[in-house]
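Written below as structure tokens is the structure these notes are about.
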Ligand code: GDP
């Protein structure tokens, strides 16, 4: 008998050296999601963008024979802000809120200081990652094929351009080996648990994006199943940002990585002067532009949302909330001492981390 397990969307972060193309790649992925989504499907969340499975399946269709993906996850949730500054706020007990990372490397420049720093952080937090070997369109002689699969575009390049790309990929393989990782171009990887996958892409032309999305979805649902199993219990999250919003007062932008968050839930989170306990007034998502019922703030209020998601929460007493703090829904009063302690433990680590840098 096969057991049906529902999986949540993996949380994806993008890391890498400055100017290697993190923002451009994220913009391209977001743009693809908006263009290819089904009517009514939401892609924009707070601090994160959702790429539904329907989009991944459409984009990956030409790869059917190479990367057959039958998606069980509902999609991929990309954290909007790239780089390791934000990544350090995405902590949860025993690791990171991120389920998988894309390490972006300019293929013509190879590893740079922040590439190595990013890799160290991923190692430390045990976050699996793929390498996006970006800017393939800058290889001299490359003939771009807008939004095409890497597989097809590569085949149509001249032999010398193909060789040049392979040399660059080989350099990345060597640089990853220096950092203790076996790596290969995605189509040469036999065992994805032992090798880091390198996907040549261009954030500018969109080439290779189908492979990148298909591999991320395929690998996460295959290898991170137990981590992605949907939990029906009270929500847990992490605070990305604390912001004052006109008409809403102080709000927190939160990534929910587990459970279900409901309006009127009591939540506990870290504050400047200790743990804050408050009751959610509103759970907010960005409103679609055409939605006329939207309040002036540009957000619409929802009743509940399940992980993984990026939402804004308005509640009394959030003035002193701390970015990087965990957030727990307090379902039962008896659980409060335990939750309080968990938050205090986590915050002492955040402070220590801040002081030590
Ligand atoms: P970030 O600092 O890593 O977020 O890098 P950006 O996304 O801001 O990109 C830095 C520069 O590289 C910008 O001028 C981009 O237009 C350019 N760039 C990014 N990706 C590509 C690419 O795939 N091909 C080319 N030719 N340029 C790119």
Need one number: the % of Cα-Cα pairs in region 42-168 sitting beyond the 17 Å mark.
69 percent
For region 197-283, what is the per residue volume of the convex hull drawn over the alpha-carbon atoms, in cubic angstrom?
177 Å³
Cα Rg, Dmax (largest Cα-Cα span) when computed across region 95-180, Å:
14.6, 44
When a footprinting reagent is the concern and you count Cβ atoms within 10 Å, what order do 13, 55, 230, 330 take, fewest first?
230, 330, 55, 13
What whole-number volume per residue, in cubic angstrom, does the convex hull of the C-alpha atoms of region 166-211 give?
81 Å³
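Starting from the coordinates of the alpha-carbon atoms of region 189-240, obtain the Kirkwood hydrodynamic radius over all distinct pairs and give the value in Å to one decimal. Walk me through the intermediate numbers first.
Working: mean 1/r = 0.0729 Å⁻¹.
About 13.7 Å for region 189-240.
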Expressed in angstrom and rounded, the centroid-to-centroid distance over alpha carbons for region 87-147 and region 214-265 is 22 Å
All-pairs Cα distance distribution in region 27-73, expressed in whole percent, bin size 10 Å
26, 51, 21, 2
At 37 °C and 0.692 mPa s, the Stokes-Einstein diffusion coefficient in µm²/s for region 11-104, with hydrodynamic radius from the Kirkwood sum on alpha carbon pairs, is 230 µm²/s
Taking all pairs of distinct alpha-carbon atoms in region 242-284, Kirkwood radius in angstrom
11.7 Å
Per the 1/(1 + (r/R0)^6) rule, R0 = 35 Å and r from the Cβ atoms of residue 177 and residue 345, FRET efficiency to 0.05 is 0.40
Rh by Kirkwood over Cα pairs, then Stokes-Einstein D for the chain at 1.306 mPa s and 10 °C, µm²/s
75 µm²/s
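Quick one: divide the alpha-carbon radius of gyration of region 68-121 by 2.2 N^0.38 Å and tell me what you get.
On the way: Rg = 13.8 Å, N = 54, 2.2 N^0.38 = 10.0 Å.
So region 68-121 has a normalised radius of gyration of 1.38.
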Evaluated over region 77-230, the Cα radius of gyration and Dmax, each in Å
15.6, 50
In region 145-190, if every C-alpha pair distance is counted and binned at 5 Å from zero, what percent goes to each bin?
5, 20, 22, 24, 17, 9, 4
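May I ask for the Rg/Rh ratio of region 239-336, computed from Cα atoms with Rh as the Kirkwood radius, given to two decimals?
0.96
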Sorted by Cβ neighbour density within 10 Å, fewest at the top, the residues 106, 187, 99, 345
345, 187, 106, 99
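None of the figures in this text is laboratory data; all of them are computed from the coordinates on show. Fair warning: this is a prediction, and the values are worked out from it, not measured in the lab. A quick note on method: Cβ atoms are made from the backbone with ideal geometry, for glycine too, and the neighbour counts reach across all protein chains shown.
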